[in-house]
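Shown next, in structure tokens, is the structure this report addresses.
Just so it is clear, none of the values below were taken in a lab; they were calculated from the coordinates. This one's a predicted model, so the numbers in the text were calculated from it and none came from an experiment. Positions of Cβ are backbone-derived with ideal geometry, glycine not excepted, and every protein chain shown enters the neighbour counts.
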Amino acid sequence: MLRRKSQLQGDTVKPQANRVTLERARLMQARMLALRRNDKAEAATLDAQLAELAVESPPVQSEPTEDSAALLAKVNERNRKANHEAIRRAELQEAERKRRERRLGTPTALDPSARLRTVPRMFASRYGFQTLPIVTL
């Protein structure tokens, strides 16, 4: 049935590898079943078929992949750098906008909730009062 399906789909090299993997899994499962039934002849036949399959197409060694923690660390670092760069650009644009407004003399919109700029004054020094030292008991 798998061969028929692969013929209909017109498998290329990679699907051929998938077919071999599926066939190897099917043979291993049948071998385990034969061993559980104590059917030594069938187990030997399946062993021969597995050996033949291994000779025809040796198992492909996959590349060692990085663990997910390392991949997530790389993604986090990349995102952190991108965020830092975006913030820096936004701050530069805001500073440039403020500079242009000051140059053009464009009045800024009054924001009633904004903090008032104040200049601290020392009244004691203006009137000649002396400040008393704080004494703790």
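Other residues within the sphere of radius under 12 Å centred on the Cβ of residue 42, judged by their own Cβ, net out at +2 (K and R +1, D and E -1).
With 0.36 nm allotted per residue and the present C-alpha distance subtracted, the residue 68-residue 50 stretch has 3.1 nm of extension available.
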